[in-house]
Protein chains: 2
Amino acid sequence: MSQQEIDAIRTLLTSKPRPVGWSERRQRIDEVGSVWPVADDVRLEEADLDGVPGEWSIASGSDAARVLMFFHGGGYCSGSILSHRRMVTEAGRAARMRTLAVAYRLAPEHPYPAAHEDAMTAWRFLRKQGIPARNIAVGGDSAGGNLTITLINRLRSAGEEQPACAWLASPWTDLTMSGPSLETKDAVDPLIHKAYLEELASAYAPAPVDRKDPLISPLFADLHGFPPTLIQVGSEETLLDDAVRFARAAGSAEVNVTLQIWPHMIHAWPMWNAKLEDGRQALSQAGQFIRRWL
Amino acid sequence: MSQQEIDAIRTLLTSKPRPVGWSERRQRIDEVGSVWPVADDVRLEEADLDGVPGEWSIASGSDAARVLMFFHGGGYCSGSILSHRRMVTEAGRAARMRTLAVAYRLAPEHPYPAAHEDAMTAWRFLRKQGIPARNIAVGGDSAGGNLTITLINRLRSAGEEQPACAWLASPWTDLTMSGPSLETKDAVDPLIHKAYLEELASAYAPAPVDRKDPLISPLFADLHGFPPTLIQVGSEETLLDDAVRFARAAGSAEVNVTLQIWPHMIHAWPMWNAKLEDGRQALSQAGQFIRRWL
């Protein structure tokens with residue numbers, strides 16, 4: 001059952017030739033991410049987060065006083081509010097709270113630190129709405145997981161209040177690409193391969209930016225004091241070791257960390273929750289985790 | 001708060017000189033494990049599991065038709081029903097089911113494979129009571145986690161039915177002692193150090209037994225088909241990497257695996273749940289996990 005469902009998603013993802021070029025890639029992720037619409041009971045509202053585009057969502061029965069702030073994936077070069085709308089809105093339902101999706105600027109037009117600046121602008125905007133940090137969870141998938149970690153690290157460095165918890169789905173934590181699973185899972189991952197990651201990293205953090213900088217590769221950050229964190233990753237991902245090693249680094253630094261490895265799942269699988277029971281289950285677990293800490 | 005509580009447990013553990021000699025060690029673990037008694041509403045019953053001593057427990061309100069089978073830790077050389085009674089009985093309460101604690105034979109008097117034989121005898125006894133495998137969870141701490149994994153691996157090899165899920169607390173998965181945390185956490189772990197583990201491994205699996213054998217070090221087993229598994233480990237454990245690497249190995253082999261790293265916690269901390277909120281919380285999480293799969 002779950003195998004049939006994930007096979008159908010694999011078929012969707014490989015139904016067209018792999019796009020080349022940034023605008024084609026952006027169009028493609030928007031397409032495959034928005035195949036299934038947002039649920040009928042979700043209210044969406046466009047937002048201007050002090051200049052950064054965003055979108056509020058709330059499902060019926062959710063608490064507007066607490067917020068899941070979300071950064072979409074796409075290697076810092078693609079992805080959008082549209083591509084991740086179904087994932088974000090259902091995550092909000094599972095966490096029973098409002099969501100705020102952030103459309104940070106993308107590379108190569110806007111390389112590092114543009115995305116970091118936008119994430120911080122969005123965070124400050126949210127706080128200025130009167131939402132206490134303890135009522136905010138921050139999450140993201142893939143590059144959005146990277147941005148989640150680095151935003152929190154910047155807040156910690158500045159001695160500012162942090163969100164209550166973090167949720168990382170298939171996070172990209174190591175832009176030096178040193179994880180063994182980049183090789184061992186290459187044959188089973190339909191989306192993420194080393195050459196593609198190299199291209200993304202070069203666009204987002206071009207030389208002379210040091211990819212070992214903890215602000216680029218948060219796997220190498222000192223994580224003491226980081227908030228409780230849930231990491232979810234599929235077993236059929238080249239980024240498996242980005243998740244496992246980040247869990248190890250965080251846990252070793254006295255962070256409360258939970259790592260879930262989901263059999264047969266692929267990169268950022270909760271995007272396709274509309275037709276994937278394991279996507280719904282992962283969001284349900286993420287929602288439970290978030291509610292435990294907020 | 002949680003820091004004060006764990007500091008008090010550390011004080012308890014170091015209040016007497018570290019014992020030398022097997023019988024002194026057995027006495028000491030029984031002492032520190034039974035400082036706080038079992039809760040008043042727990043019914044205990046001695047059991048003869050076809051020759052292997054055991055103990056049933058059930059807390060008020062629990063389901064007698066489902067069973068958490070438990071293997072205590074102690075490096076295969078110490079530990080008992082007495083030392084782990086508080087941990088086992090409260091785990092059963094959290095899982096809302098009966099428990100069956102197994103007093104397998106200990107090394108050096110009874111080296112490998114005596115413990116494996118007794119675990120299998122206990123499993124077969126339980127099945128003969130008419131309990132379906134899907135109504136059984138198996139769990140253990142430290143060497144008991146090792147025994148949990150190897151029992152399930154033996155069932156898988158034999159093509160027999162497996163328990164519904166596994167729960168591993170601070171598991172010892174690598175008797176070759178190759179985990180980096182054996183060094184990096186040596187200064188903060190009050191209990192487990194490499195020289196001690198070497199002594200235990202020599203007693204349990206003396207030459208010519210190969211410690212790389214997956215039946216001795218299940219970290220090196222092929223884990224495809226292993227049931228859903230929760231692994232809980234403290235951040236201040238030399239065995240941190242035994243947990244992290246087993247999670248990685250299992251997840252990579254398409255096992256549904258959850259790893260929780262608990263800040264400031266030490267080896268097998270749920271033993272002291274009577275005076276340790278994080279011990280109670282860990283058991284609560286374990287109970288939730290078990291109920292999800294049974």
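Return the carbon/sulfur percentage of the accessible area of the protein assembly as shown, one whole number, probe 1.4 Å, all protein chains in place.
So the carbon and sulfur contribution to the accessible surface is 52 percent.
In nm, to one decimal, how far is the modelled label at residue A:176 from the one at residue A:63, with both set 7 Å along Cα→Cβ?
Modelled inter-label distance: 4.1 nm.
What residue among B:171, B:113, B:227 has the largest mean-square fluctuation in a Gaussian network model of chain B, using Cα springs under 10 Å?
Sorting by GNM fluctuation, first place goes to B:113.
Percent antiparallel among DSSP beta bridges with both residues in the protein assembly as shown, to the nearest 5? Don't skip to the answer; put the middle values down first.
Working: 29 of 81 bridges.
Bridges in the protein assembly as shown are about 35 percent antiparallel.
Measuring from label point to label point, each 7 Å out along Cα→Cβ, what is the residue A:199 to residue B:22 span in nm?
It works out to 6.3 nm between the two label points.
Charges at C-beta only: +1 for Lys and Arg, -1 for Asp and Glu. How large is the resulting dipole of segment A:3-293 about its Cα centre, in Debye rounded to 20?
About 540 debye.
Taking each residue of A:233-246 in turn, how many C-beta atoms of other protein chains fall within 10 Å of its C-beta, and what is the average?
Going residue by residue through A:233-246 and averaging, the value is 2.
By Cβ position, which chain A residue lies least far from the axis that rotates chain A onto chain B, and what is the distance to the nearest whole angstrom?
Output: A:259, 2.
7 Å along Cα→Cβ for the label point: how many nanometres lie between residue A:41 and each equivalent label in the other copies, listed shortest first?
3.4
Per residue of B:222-232, what is the mean number of Cβ atoms on other protein chains within 10 angstrom of that residue's Cβ?
1
Can you tell which of A:65, A:272, A:103 lies farthest toward the positive end of the dipole of the protein assembly as shown, using +1 and -1 charges on the Cβ of basic and acidic side chains (Lys, Arg; Asp, Glu)?
Result: A:65, furthest along the dipole toward the positive end.
Taking both sides together, what accessible area is buried at the A/B interface, probe 1.4 Å, expressed in Å² and rounded to the nearest 100?
Looking at A and B, the buried total is near 2100 Å².
As an exercise, identify the GluC sites (Glu not before Pro) in segment B:110-208 lying in DSSP coil whose Cβ has no more than 14 other Cβ atoms within 10 Å.
Sparse-neighbourhood loop GluC sites (Glu not before Pro): B:160, B:161.
Quick check: net charge around residue B:37, other residues with Cβ under 11 Å of its Cβ, Lys/Arg +1 and Asp/Glu -1?
Around residue B:37, the surrounding residues sum to +1.
For a Förster distance of 41 Å, can you work out the FRET efficiency between the beta-carbons of residue A:31 and residue A:224, rounded to the nearest 0.05?
0.45
Compute the accessible area per residue over the protein assembly as shown, keeping the other protein chains in place, probe 1.4 Å, unit Å².
About 36 Å² of surface per residue is accessible.
What is the dipole size for the protein assembly as shown, taken about its Cα centre, with +1 at each Lys and Arg Cβ and -1 at each Asp and Glu Cβ, in debye to the nearest 20?
Charge dipole of the protein assembly as shown: 900 debye, to the nearest 20.
Can you flag which of A:128/A:194; B:212/B:275; A:16/A:185; B:16/B:194; A:185/B:194 are past 28 Å Cα-Cα?
Beyond 28 Å: A:128/A:194; B:212/B:275; A:185/B:194.
Between beta-carbons, use under 12 Å as the cut-off and find the net charge around residue A:193, counting Lys and Arg +1, Asp and Glu -1.
-3
Just to be sure I understand the model, the point goes 7 Å from the Cα along the line to the Cβ. What's the resulting residue B:134 to residue B:50 distance in nm?
2.3 nm
How much net charge surrounds residue B:213 when only other residues with a Cβ under 15 Å from its Cβ are counted (Lys, Arg +1; Asp, Glu -1)?
Result for the local shell: 0.
The values are calculated or read from the model by the stated rules, or taken from the named source; none is laboratory data. Computed from a predicted structure; not experimentally measured. Don't worry about glycine lacking a Cβ; one is built from the backbone with ideal geometry, like all the others, and counts go over all protein chains shown. Only protein heavy atoms, including side chains, enter the accessible area calculation; ligands, DNA and RNA are left aside. Shrake-Rupley method; radii C 1.70, N 1.55, O 1.52, S 1.80 Å.
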